[in-house]
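The values are calculated or read from the model by the stated rules, or taken from the named source; none is laboratory data. Predicted, not measured: the structure shown is a model, and the values here were computed from it. Every residue, glycine as well, gets a Cβ built from its backbone with ideal geometry; the counts of neighbours run over all protein chains shown.
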Amino acid sequence: MPCADPCPPGEVSGPAHVRLRSPHLVERTAALCSNAGGRWPRRRGWNSVKGYRVRDHEEIRTLLSGPVNPLPTKFHSDGTINFDGMHAVIDCSLEAGCQVIMLTWGETLVSLLSDAELAQVHRSVIAHVGDRALTIACDNMWGLHQTLEFGDLVRDLGFDLYMVRPADWARGTPQSLADFYRVVSERTRAMLVGDVPIETCELIEDEPGILAFKEDRQLDFAHEVLMRWGDRWPMVGGGGMKRHLLLWPHGCRAWLEPFVRCYPQPAMRYWRALQRGDTDEAWKIIMRVETPVRAAGHRFPAGYNGFAQAMIEVYGIAPRWRRSPAPNATEAEMEDVCGVLRRLGIWP
């Protein structure tokens, strides 16, 4: 939400009138802490910023189950961040029984945000969620220095995990990636994501600060990680019920689920079916609802993510807008979305 007064050049306004200087976060302590110039105290089992205890590894493992909300950044039609819209998406999922709010590089539309705005989004999310769910932060594929800096920020804000994705282009070797993850996890409890080389996983398998894994690449790779390290790193499936069902027999208990952001019923019915061992019913839900919705989304002029944002608006949760150059659904295309949902019998 904008500040009441204009922000100085180089600064952006944020919720609760917090300002973070762009592009660097080195002044975050002055902006977010009352003890300017120093770090927050780090007492074992307690986060003095959050105001309640830090979850241990077993509690994190327990909460990493069921549908996960891959939280989108919501925008107003003028391109400013719609924090209230993001809060509404959070509440929709939590009221349905979702236990995890996850920010991701893709779904949170990090590529459309400045670094300072990404910090604002994280601060707004943690302030709204509090202790109601497990919270997972994300980065913007930085080098080590800025990854550490942002990790300090989200740790001090009170996020339970920091999902770290190193830069894709300057990728590094299995050893240099292992060194990268090791240093990050020594300061902030980390979650791996994507196609981390198997050799890297072997090098860091005993690091106590690495607590989970989010897969989103090849299923055979995800299966190997799950079979070899699932006892150490509970896995979150990359997205959707069909993909999750393939990993379910091997111990994957959580998955990214777009439906919980606007119409949670199919995802919750699927989850209850799995919990009672009824994989036939789980499959029927996938084929009746998820498969046709995904097919419609992939044909949509604004792309699958544009379709997902349109659904969030159709169900009355938050507007569909994204920043340029991402396209937004037209009014005619919104009618097409409504038609798909009507035909499937999931019209609100």
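Hey, among LYS242, LYS214, which residue is of a type in the set (D, E, K, R), within 27 Å of GLU290 (Cα to Cα), modelled with pLDDT of 95 or more and buried (at least 20 other Cβ atoms within 10 Å of the Cβ)? Spell out the reasoning first.
Working: LYS242 fails: buried (at least 20 other Cβ atoms within 10 Å of the Cβ).
Exactly one residue qualifies, and that residue is LYS214.
Against the conditions (1) under 23 Å from ARG155 (Cβ atoms); (2) surrounded by 22 or more Cβ atoms within 10 Å (Cβ to Cβ); (3) touching a Gly at 6+ places or on another chain (Cβ under 8 Å), LEU192 satisfies every one except (3). Does at least one position in the range 85-106 carry a residue that is modelled with pLDDT of 95 or more, touching a Ser or Thr at 6+ places or on another chain (Cβ under 6 Å) and more than 30 Å from ARG276 (Cα to Cα)? Checking the range 85-106: not a single residue is modelled with pLDDT of 95 or more, touching a Ser or Thr at 6+ places or on another chain (Cβ under 6 Å) and more than 30 Å from ARG276 (Cα to Cα).
In the range 78-122, of all residues being charged (D, E, K, R) and in a helix (DSSP H, G or I), the one that is surrounded by the fewest Cβ atoms within 10 Å (Cβ to Cβ) corresponds to GLU95. Screening the range 217-296 for helices (runs of 4 or more DSSP H) wholly inside it with 3 or more residues that are in contact with a His (Cβ under 7 Å, 6 or more places away or on another chain) returns the ranges 219-229.
Pick from the range 326-348 the residues that are among the β-branched types (Val, Ile, Thr) and in a loop (DSSP other than H, G, I, E, B): which of them is surrounded by the most Cβ atoms within 10 Å (Cβ to Cβ)? Here the answer is ILE346. Output yes when any residue across the range 257-275 is at pLDDT below 95 and either buried (at least 22 other Cβ atoms within 10 Å of the Cβ) or charged (D, E, K, R) (or both), and no when none is. No, there is no match, as no residue in the range 257-275 is at pLDDT below 95 and either buried (at least 22 other Cβ atoms within 10 Å of the Cβ) or charged (D, E, K, R) (or both). Applying a threshold of 7 Å to beta carbon distances and a minimum spacing of six or more residues, or different chains, the list of pairs starting in the range 207-235 at a residue that is touching a residue at least 40 places away in the same chain (Cβ under 8 Å) and more than 15 Å from ARG182 (Cβ to Cβ) and ending at one that is surrounded by 15 or more Cβ atoms within 10 Å (Cβ to Cβ) and among the basic types (Lys, Arg) reads PRO234/ARG61; PRO234/ARG253. If I filter the range 165-189 down to residues being under 16 Å from ASP139 (Cα atoms) and among the β-branched types (Val, Ile, Thr), which single residue comes out as surrounded by the fewest Cβ atoms within 10 Å (Cβ to Cβ)? Once the filter is applied, the top-ranked residue is VAL183. When the range 41-77 is limited to residues that are part of a strand (DSSP E or B) and at pLDDT below 95, the one that is surrounded by the most Cβ atoms within 10 Å (Cβ to Cβ) turns out to be ASN47. Within the range 276-296, if we keep just the residues that are free of Cβ contacts under 8 Å to residues at least 24 places away in the same chain and within 17 Å of GLY240 (Cα to Cα), the residue that is surrounded by the fewest Cβ atoms within 10 Å (Cβ to Cβ) turns out to be ASP280. Out of ARG253, ARG299, ARG323, I need the residue that is in contact with a helix residue (DSSP H, G or I) (Cβ under 8 Å, 6 or more places away or on another chain), charged (D, E, K, R) and either crowded, with 22+ Cβ neighbours inside 10 Å or at pLDDT 95 or above (or both). Which one? Result of the check over ARG253, ARG299, ARG323: ARG323.
Are there any strands (runs of 3 or more DSSP E) wholly within the range 123-198 with 2 or more residues that are of a type outside the set (A, V, I, L, M), and if so which? Step through it out loud before you land on a result.
Details: elements: 134-138, 161-163, 190-193.
Here the list reads 134-138.
Being farther than 18 Å from HIS57 by Cβ, of a type in the set (Asp, Glu) and in contact with a Cys (Cβ under 9 Å, 6 or more places away or on another chain) narrows it down to one residue among GLU202, GLU257; which is it?
Values: GLU202 fails: in contact with a Cys (Cβ under 9 Å, 6 or more places away or on another chain).
Of the residues listed, the single one that is farther than 18 Å from HIS57 by Cβ, of a type in the set (Asp, Glu) and in contact with a Cys (Cβ under 9 Å, 6 or more places away or on another chain) is GLU257.
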